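Peer 1: The structure follows.
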Amino acid sequence: MTYQGSVFQSATAWGTLTQVAAPTAPTPVLRGYVDVISRLHGPLTLYGWAYNTAASTTSIPVEIYVGGVRGTGTLVATITANQSRPDVNQAHQITGNHGFAWPIPTTYQSGTYQFSVYALDQSPTPTVRTPLKPTSITLLAPGHADYCKNHGPCIAGHGDCDPVTPSQCQSGLQCVNNVGANYGWNAAIDVCEAPQPVVTTRTETIYIRATSPPARPTSSASSRPQGWSTTKPTATTTQAVYRAPRDPARRHAPQRHGLERAR
Ligand SMILES: [Ca+2]
């Protein structure tokens with residue numbers, strides 16, 4: 001309770017004190033920005049910064065909503081903007097750490113999602129909550145036009161990249177034109193791929209010389225190799241004779257060789 005006035009005593013009366021309202025603290029002004037969702041430093045991450053102009057050396061929390069602004073979307077993370085951002089400090093002539101970096105959970109990496117970020121000052125009651133611009137940042141799914149431009153550099157198998165801007169793919173990858181159909185996307189989508197190894201094709205002609213007939217059978221007819229039969233040139237001797245197996249496809253063809261004609 002605050003009073004102003006003066007206390008005095010004159011010959012006739014006491015002075016008076018009048019109660020006045022306490023001076024109200026200035027409403028904190030929260031500044032910040034949602035910079036980008038990208039793989040600039042590895043994992044797919046949402047980057048931004050925020051600080052309280054009334055306490056610029058202190059790092060403040062931020063809330064991240066998915067699927068819409070606060071009231072519509074779902075609160076998925078509350079993190080502290082406490083990472084070094086010399087560029088922000090220099091631009092705003094402040095000190096302290098005010099950057100934030102939220103790795104996008106895998107759940108949100110394969111579809112299209114909208115994120116909204118709010119800066120908080122929790123010391124006043126109620127909490128002051130300021131939406132950061134852009135009010136909503138959209139994370140496209142891989143395969144959407146300009147995905148790698150907006151959220152790259154892309155990893156292998158992600159499109160759409162620009163073949164004339166190699167930096168849209170991670171180091172060591174190349175942007176291959178119009179291969180989206182290989183990944184289930186529109187055929188015109190360009191995709192970051194590992195360079196294909198160079199394959200040298202060599203043609204060789206192999207000549208095969210016919211081998212000699214199977215070994216001459218020595219036992220009974222049931223164990224003879226295919227193609228062998230026996231003849232009896234005389235009444236007392238048995239001679240094994242080799243005939244090539246008949247080609248089934250030529251069964252009805254005109255017989256042209258003496259060997260077949262003799263069968
Ligand atoms: Ca293309």
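Peer 1: Residue by residue through segment 135-147, what is 3J(HN,Hα) from phi via Karplus (6.51 cos²θ - 1.76 cosθ + 1.60, θ = phi - 60°)? Round to whole Hz and write x for glycine and proline.
Peer 2: Listing the rounded values in order: 4, 9, 10, 9, 9, 7, 7, x, x, 6, 3, 6, 4 Hz.
Peer 1: For Ala194 and Ser123, calculate 0.36 nm times their separation in residues minus their Cα-Cα distance, and state this gained length in nm to one decimal. All intermediate terms of the calculation are to be shown ahead of the outcome.
Peer 2: On the way: separation 71, 0.36 × 71 = 25.56 nm, distance 5.14 nm.
Taking Ala194 through Ser123 to full extension adds about 20.4 nm, to one decimal.
Peer 1: Sticking with this structure for a sec: Rounded if a/c is under 1.5, else prolate if a/b beats b/c, else oblate: with a ≥ b ≥ c from the C-alpha gyration tensor eigenvalues square-rooted, which is segment 147-193?
Peer 2: Verdict is prolate for segment 147-193.
Peer 1: When the chain is fully extended, how far beyond the present Cα-Cα distance does Thr78 get from Ala156, taking 0.36 nm per residue of separation?
Peer 2: Extending this stretch completely gives an extra 25.0 nm.
Peer 1: Another question, if that's okay. Based on a Kirkwood Rh over C-alpha pairs, give the Stokes-Einstein translational diffusion coefficient of segment 30-139 at 20 °C and viscosity 1.002 mPa s in µm²/s.
Peer 2: Details: Rh = 14.0 Å.
D = 153 µm²/s.
Read the figures in this text as sums done on the coordinates, not as results from a lab. Predicted model, so just to flag it, every value in this text is computed and none were measured.
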